[in-house]
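All remarks here apply to the structure that follows.
The values are calculated or read from the model by the stated rules, or taken from the named source; none is laboratory data. Here the structure is a predicted model, which is why all the values come from computation and not from measurement. Please note: Cβ atoms are built from the backbone with ideal geometry, for glycine as well, and neighbour counts cover all protein chains shown.
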Amino acid sequence: MRHNIFYNRREFQMIDNFMQVLKLIKEKRTNNVVKKSDWDKGDLYKTLVHDKLPKQLKVHIKEDKYSVVGKVATGNYSKVPWISIYDENITKETKDGYYLVYLFHPEGEGIYLSLNQGWSKISDMFPRDKNAAKQRALTLSSELNKYITSNEFNTGRFYYAENKDSSYDLKNDYPSGYSHGSIRFKYYDLNEGFTEEDMLEDLKKFLELFNELASKVTKTSYDSLVNSIDEIQEDSEIEEIRTAQKDKTLKEVEAPKGIIPKYKKGVSKTTKNDSEIEKSNKENKLTGKVGEKLALNYFNELIDNKIDEDKKEQFRNILNDNPGSQHGHGYDLVAFDPTNTDKAVEKFIEIKTSTSSSIEEPFFMSLNEMFAMKEYKQKYLILRIFNVSGKEPQFYFIDPYANYSEFKDVDDLIDKVFNVEAIQYKVFGEK
């Protein structure tokens, strides 16, 4: 259903004022104007963006729920002046939520009409890593696009330069933040020309896009998406890896040995923040969605290429074709000994997967997995897959029983086989 959100008659010509703003931006840039007091057209510039254009736009919007606000500066002039159209049920300021916005090109080359997001809120979540903030904005934009049924207009990020390498595109400031926060956009190129009728018709369609999104993603829902953005980002990255690795095979390398952590004994003297735990959780997800499939492909290829025809069925009967069904038992996959192609010897495979290209990248083992390793004795193998997002994922096996027939307990196993560092403890209370 299309929303009737416009008056039928036009009362103002906006196009001249939009053009005048672009002309002033070019003049401001040519003369290196930084703030209002630097030139004699500061009042005109501010009046156009803060007053005249918002009023003209408001006349053409029928629904009272929309506010129209323009801004050229907070102190010094903004590189990208803007005029926003927002619904106070979704946001009361452009730092948060999502809204429509006209963004003027920082060099006066054109205007972007964008369904966009509050960059400040996303940016503030990553005060020391703006690249991470920009990536999260892209992910959130992609997530919000899923709620919009129309395929009209460009989706996602826009660029200020055709070759995508202008300082506005690359720096970690507001212009780049605005472009990364874009959900849908239309660009009006000054050199190609555009009419007021074009702008009004597009605005009508953008308001319909906004209304559709607002009917599905409330402010509470949006806040929930923002708060879970790391998880959404992680799932998105893993899905990209899973798709890319669909038909790839693993290259076997020799397992590294003798890698000693800085603090082998006792409590680590380095502070372990939540990123270590988060990395462990991500690797668990990566194993579930990517590593297990690669491992299954590897064992199937062994059967196809290395096992005699009359023995293939024996090996396939051992291989569990439902990886992940053994989660909770301390291993991921039931397979066979890859070093013995003459006899099908059952093995319990614990898979550890990483995007790191370093063979020395440490991995994480749970206490449950260590107990399973002790319980299943000669039948347990660790399959370490790394560089999983690269062109050629690699792997090696660790056989904890390669040099031992048994262990007294888990502590004995850990002490004899692995170089480890504790990063988390389960505490039952005070002594």
Are any residues in the range 219-248 outside any helix (DSSP H, G or I) and of a type in the set (D, E), and if so, which ones? D247
(1) surrounded by 13 or more Cβ atoms within 10 Å (Cβ to Cβ); (2) of a type in the set (D, E, K, R); (3) not in a loop (DSSP other than H, G, I, E, B): which one isn't true of E313, the others all being true? (1)
Which listed residue, of E192, E143, is without any contact (Cβ under 8 Å) to a residue 40 or more places away in the chain and either over 24 Å from N17 (Cα atoms) or loosely packed, with under 12 Cβ neighbours inside 10 Å (or both): E192
Matching option when the condition is closer than 20 Å to E196 by Cβ, of a type outside the set (A, V, I, L, M, F, W, C) and assigned to a helix (DSSP H, G or I), among D51, D43: D51
Count - residues of the range 367-396 that are among the aliphatic types (A, V, I, L, M) and either crowded, with 23+ Cβ neighbours inside 10 Å or not in a helix (DSSP H, G or I) (or both): 6
Output the number of the condition that E254 fails; it satisfies all remaining conditions of (1) modelled with pLDDT of 90 or more; (2) over 17 Å from E392 (Cα atoms). (2)
Every residue in the range 157-172 that is buried (at least 16 other Cβ atoms within 10 Å of the Cβ) and of a type outside the set (S, T, Y), please. R157, F158, D169
Could you list, in sequence order, the residues of the range 347-361 that are out of contact with any Lys or Arg (no Cβ under 6 Å at 6 or more places or on another chain) and part of a strand (DSSP E or B)? I349, E350, I351, T353
When F364 is evaluated against the numbered criteria (1) within 20 Å of T249 (Cα to Cα); (2) touching a residue at least 40 places away in the same chain (Cβ under 8 Å); (3) assigned to a loop (DSSP other than H, G, I, E, B), which criterion, by number, is the only one it fails? (1)
Picking from D64, D43, D38, the residue that is within 37 Å of the chain's Cα centre (by Cα) and modelled with pLDDT under 95 would be D64
